[in-house]
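Everything below concerns the one structure shown next.
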Amino acid sequence: VASEDEEKIYFLVGHGEMRLDDVDPLRGLSQLESFLRERNYILATLDLAVDADVPADADLIIIPSPQASLLPEEVEKLRRYMSERNGRMIVLIDPGRRHGMDELFFDWGILADDSIVVDESPDFRAQGGDLIIRRFAEHPITRLLVEYQITALFGQPRPVRTDPAALGNPRLKVSQIIGTSEESWAERDFRSQDPLQFDSGRDVKGPVSIAAVSTRSAGTDL
């Protein structure tokens, strides 16, 4: 709080994202807004359909749960921000939603499969239906969770993993940092199958990665 540095975070809008001024308990970010402002961050919104480019003072862009696909020209602005300006992004995407950022993710060695994570074990589901997550890889992002053995609650997560094609790229370092239980699986046929059941020929047995971080040797993060 006493830091004199003021970093500016832009939250993307225009695709049904979560909003900073929304107090809704499921999709509102009003508590996050208060948390960040108390820590000396400057917050603003970014509409890439209107703005010619990502603002020059953007220290971080957050894309919080878009409900519609980004336009190709919007994605291109994000690609330039990341590759030409050593940008940083945090992207949160829902299962079953078309986000339009597959090529951007490909650049950074990340795959966001069109699946949902299912875990029917009562030991890994909260009363409200959220998944209880206890599996965290060693990483600066998860350090406190690992050190204090903190569990986390997730709603309906989407698998996010390392693209095997990126393993041979010496400039990229992709880490899977949060995973579900061994009782879970990634369900591909969630739109048509009822009830959901594991299919060894199509589905992926847990643990399932639900968060990944990618860093280029130049010092850029996604």
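Structure notes:
- Checklist (1) assigned to a loop (DSSP other than H, G, I, E, B); (2) out of contact with any strand residue (DSSP E or B) (no Cβ under 7 Å at 6 or more places or on another chain) applied to residue 95, failing item: (2)
- Applying a threshold of 8 Å to beta carbon distances and a minimum spacing of six or more residues, or different chains, the list of pairs starting in segment 158-177 at a residue that is of a type in the set (Phe, Trp, Tyr) and ending at one that is surrounded by fewer than 18 Cβ atoms within 10 Å (Cβ to Cβ) and not in a helix (DSSP H, G or I) is empty.
- The strands (runs of 3 or more DSSP E) found wholly in segment 106-204 include none carrying at least 1 residues that are hydroxyl-bearing (Ser, Thr, Tyr) and more than 18 Å from the chain's Cα centre (by Cα).
Residues checked against (1) modelled with pLDDT of 95 or more; (2) within 27 Å of residue 195 (Cα to Cα); (3) touching a strand residue (DSSP E or B) at 6+ places or on another chain (Cβ under 9 Å):
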residue	(1), (2), (3)
37	yes, no, yes
44	yes, no, yes
63	yes, no, yes
70	yes, no, yes
85	no, no, no
91	yes, no, yes
104	yes, no, yes
115	yes, yes, yes
127	no, yes, no
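- Qualifying residue in segment 186-200 (condition: touching a helix residue (DSSP H, G or I) at 6+ places or on another chain (Cβ under 8 Å), open to solvent by less than 30 Å² (accessible area, probe 1.4 Å) and closer than 20 Å to residue 94 by Cβ): no
- Taking every residue in segment 192-207 that is of a type in the set (Phe, Trp, Tyr) and pairing it with any residue that is surrounded by 12 or more Cβ atoms within 10 Å (Cβ to Cβ), at least 6 positions away or on another chain, the pairs with Cβ-Cβ distances below 9 Å are 198/118; 198/185; 198/187; 198/205.
The values are calculated or read from the model by the stated rules, or taken from the named source; none is laboratory data. Keep in mind the model is a prediction, meaning the values are calculated, not measured. Virtual Cβ from ideal backbone geometry, glycine too; neighbours counted across all protein chains shown. Keep in mind that these areas ignore ligands, DNA and RNA; they rest on the heavy atoms of the full protein, side chains included. Shrake-Rupley method; radii C 1.70, N 1.55, O 1.52, S 1.80 Å.
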